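Shown next, in structure tokens, is the structure this report addresses.
The values are calculated or read from the model by the stated rules, or taken from the named source; none is laboratory data. Note that the structure is predicted; figures quoted are calculated from it, not measured. Cβ atoms come from the backbone with ideal geometry, glycine included; neighbour counts cover every protein chain shown.
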Amino acid sequence: MTNPKIEIYTDGAARGNPGPGGYGIVLISGKHRKELSEGYRKTTNNRMELLAVIVALETLKNKDSDVTIYTDSKYVSDAINQDWISGWIKKNFKKVKNPDLWKRLIKIYKLHNVKFVWVKGHSNNIENNRCDYLAVEASKKTYPLIDKYYEATCQEESKLL
């Protein structure tokens, strides 16, 4: 039995960069559809774009799924499609932003057959627009989560100044 084909749409948002942020996800497989979102009190847009992809892949139940991820983030799609990630791995993510998330993505990415497709943001892609809405609304949560790695990194950087 072959695994079903899965379409995943993702988006991240930050109100201020850094600032309160969130991600939105739409997963579609056959007649099944699932929406996910979460908000964080202080983060960046790129972290939320990346986290959306990670959470979506971590949600999948079957290994070796055929997955197409639609993202409006060149940061995410180009890192994979142009294989920037191989160089980052060789350099052990030295001078790469968001190494915690890239390492987490690599771990889950390897479990599936994933293709990234870049879509233009804020255009006529209904599912991408839905993800944008979910991400922005999540960024407004009354009790957002804490992006612990990011906030700890900010504290370390401020000590160096």
Residue count, the range 119-140 (criterion: at pLDDT 95 or above, closer than 16 Å to THR68 by Cβ and of a type outside the set (A, V, I, L, M, F, W, C)): 2
Matching residues in the range 61-98 - criterion: being in contact (Cβ under 8 Å) with a residue 24 or more places away in the chain and buried (at least 18 other Cβ atoms within 10 Å of the Cβ): SER65, VAL67, ILE69, TYR70, THR71, ASP72, SER73, VAL76, SER77, ILE80, ASN98
Qualifying position, being touching a strand residue (DSSP E or B) at 6+ places or on another chain (Cβ under 9 Å) and among the aliphatic types (A, V, I, L, M), among LEU101, LEU134: LEU134
Options GLU38, GLU58; residue that is touching a helix residue (DSSP H, G or I) at 6+ places or on another chain (Cβ under 7 Å), more than 21 Å from ASN129 (Cβ to Cβ), surrounded by fewer than 22 Cβ atoms within 10 Å (Cβ to Cβ) and not hydrophobic (A, V, I, L, M, F, W, C): GLU58
